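Let me begin by presenting the structure, written as structure tokens, before commenting on it.
The values are calculated or read from the model by the stated rules, or taken from the named source; none is laboratory data. Keep in mind that what you see is a predicted model, and the values were worked out from it rather than measured. Virtual Cβ from ideal backbone geometry, glycine too; neighbours counted across all protein chains shown. What goes into the accessible areas is simple: the full protein's heavy atoms, side chains included, and nothing from ligands, DNA or RNA. Shrake-Rupley method; radii C 1.70, N 1.55, O 1.52, S 1.80 Å.
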2 protein chains.
Amino acid sequence: MVQYAKARLDASFAALSDATRRGVLEQLARADASITELAEKFHMTLTGMKKHVGVLEQAGLVTTEKVGRVRTCKLGLSGLGDEAAWIESYRQLWDARFDALDKVVEELKRKEKDDGE
Amino acid sequence: MVQYAKARLDASFAALSDATRRGVLEQLARADASITELAEKFHMTLTGMKKHVGVLEQAGLVTTEKVGRVRTCKLGLSGLGDEAAWIESYRQLWDARFDALDKVVEELKRKEKDDGE
DNA sequence: AGCATACTGAACCATTCGGTTCAGTATTTA
DNA sequence: TAAATACTGAACCGAATGGTTCAGTATGCT
């Protein structure tokens, strides 16, 4: 299996584990937004939202730029590629396991039939 | 966009945010294992590992069954389908954003060219 | 200049997390 | 029956989380 950056996966899965932060990502997918706008949308103090954005930024899922007194948040460049890849490879292992199980079941069925004949 | 079970995503992304737990999943994809085996593999007390397994079980990623004095852990039935779907839909939004940007850039280029002619 | 806006940082708070130890209980095995 | 094995649960610990308030600073508007 491919080797992923442990810390990076830690950070982005942790970032995604909060419903507010997933909401922020969906929001930013629709349109860039300032901290104030996000804070209002999610009924939270500016400071609180700034922390969430910080977590998302740390995970590379969001980038921000301050022009004048407004900090604008956009989706980051990462695009969750590694995370999707990790999940996908896990899913493949999972499928493999159950395919193997299927084969065992099939084998048992075949045997049963053989015994019966 | 599809509606996902908020709490379930919370639980499974949180479960995935720890490298040890991701390791356990990979391990279980290869073969079922007891708590003791997992604890040894990850250099951790039984109690510690039991907690990790509990988190994974809570998230539906792992199931366990105790026969005699041994609790055997297997991959859960969930298979991370919802999580993959969430990430995928996010990726689509992300792509859409950048496609839109591309169009803007194209439009600007076209205009520039028109002006130049 | 003077006020409002938008963010920033420090400090605090309760809760959760990742881990431990220690003291059980239940099941094998000798 | 006695000892070893495998887990379980409670209690504790330090660090991280998710949130707040409060007191700034920097910027923009009149």
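Label-point spacing at residue B:65 relative to the other copies reads 5.7 nm, in ascending order, each point sitting 7 Å out from Cα along Cα→Cβ. Ranked from largest to smallest solvent-accessible area, with a 1.4 Å probe on the protein heavy atoms, A:57, A:26 come out as A:57, A:26. For the residue pairs A:6/B:41; B:51/B:74; A:50/B:51; A:51/A:74; A:50/A:74; B:6/B:66, alpha carbon separations beyond 20 Å are given by A:50/B:51; B:6/B:66.
Here, the stretch B:6-75 has an Rg and a Dmax of 11.4, 37 Å when only alpha carbons are counted.
Within the accessible area of the stretch A:6-75, what % is carbon and sulfur when the probe is 1.4 Å and the other protein chains stay in place? Carbon and sulfur atoms account for 51 percent of the accessible area of the stretch A:6-75.
Averaged over the residues of peptide A:30-37, the number of Cβ atoms from other protein chains lying within 10 Å of each residue's Cβ is 1. Pairing chain A with chain B buries about 3100 Å² of accessible area. This figure sums both sides and uses a 1.4 Å probe. The mean count of C-beta atoms from other chains within 10 Å of the C-beta of residues in B:18-27, rounded to a whole number, is 3.
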